[in-house]
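Here the structure comes first, spelled out in C-alpha cells, and everything after it is commentary.
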Amino acid sequence: MRYRIEYIGGRCSGLARNRHELVRQIKAAAPGTIEDIRRLYKSGVSDSVMEKYEQYLK
C-alpha cells in the first residue's frame, strides 16, 4: 500500500511505499507540519487515514 504525506504551507508531498516507511517519515517530520495522510490505491482513489496515524504525530 502506498501513502502520500501532505505538508502545510504548500510544500511538496512525500510518498511512502509501506506502513513502516510511513511511520518513520511521520516521526522524522517536525511537529505541526503534516496536514493530511492519504492512502493511495492502484485505481487512483485515495482515502484520508490521518486519524489512524495521529498517535505518531505527537
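The values are calculated or read from the model by the stated rules, or taken from the named source; none is laboratory data. Because the structure is a prediction, the values reported are computed rather than measured. Backbone-built Cβ (ideal geometry, glycine too); neighbour counts: all protein chains shown. Accessible surface areas use protein heavy atoms only, side chains included; no ligands, DNA or RNA. Shrake-Rupley method; radii C 1.70, N 1.55, O 1.52, S 1.80 Å.
May I ask you to verify whether Glu51 is over 8 Å from the mean Cα position of the chain (by Cα) and assigned to a strand (DSSP E or B)?
Working: over 8 Å from the mean Cα position of the chain (by Cα): yes; assigned to a strand (DSSP E or B): no.
No; evaluated as a whole, the condition is false for this residue.
Report whether or not Gly32 is open to solvent by less than 80 Å² (accessible area, probe 1.4 Å), at positive phi and in contact (Cβ under 8 Å) with a residue 12 or more places away in the chain.
yes
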Picking from Ser48, Ser43, the residue that is surrounded by fewer than 14 Cβ atoms within 10 Å (Cβ to Cβ) and in contact with an Asp or Glu (Cβ under 8 Å, 6 or more places away or on another chain) would be Ser48
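Given the structure, is Ile8 open to solvent by 80 Å² or more (accessible area, probe 1.4 Å) and β-branched (Val, Ile, Thr)? It would help to see each step written out before you state the result.
Numbers: open to solvent by 80 Å² or more (accessible area, probe 1.4 Å): yes; β-branched (Val, Ile, Thr): yes.
Judged against the criteria, Ile8 is a match.
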Give me a count of the residues in segment 11-29 that are under 14 Å from Met1 (Cβ atoms) and open to solvent by 80 Å² or more (accessible area, probe 1.4 Å). 4
Take Arg38 and decide whether it is open to solvent by 80 Å² or more (accessible area, probe 1.4 Å) and either among the hydroxyl-bearing types (Ser, Thr, Tyr) or not in a loop (DSSP other than H, G, I, E, B) (or both). no
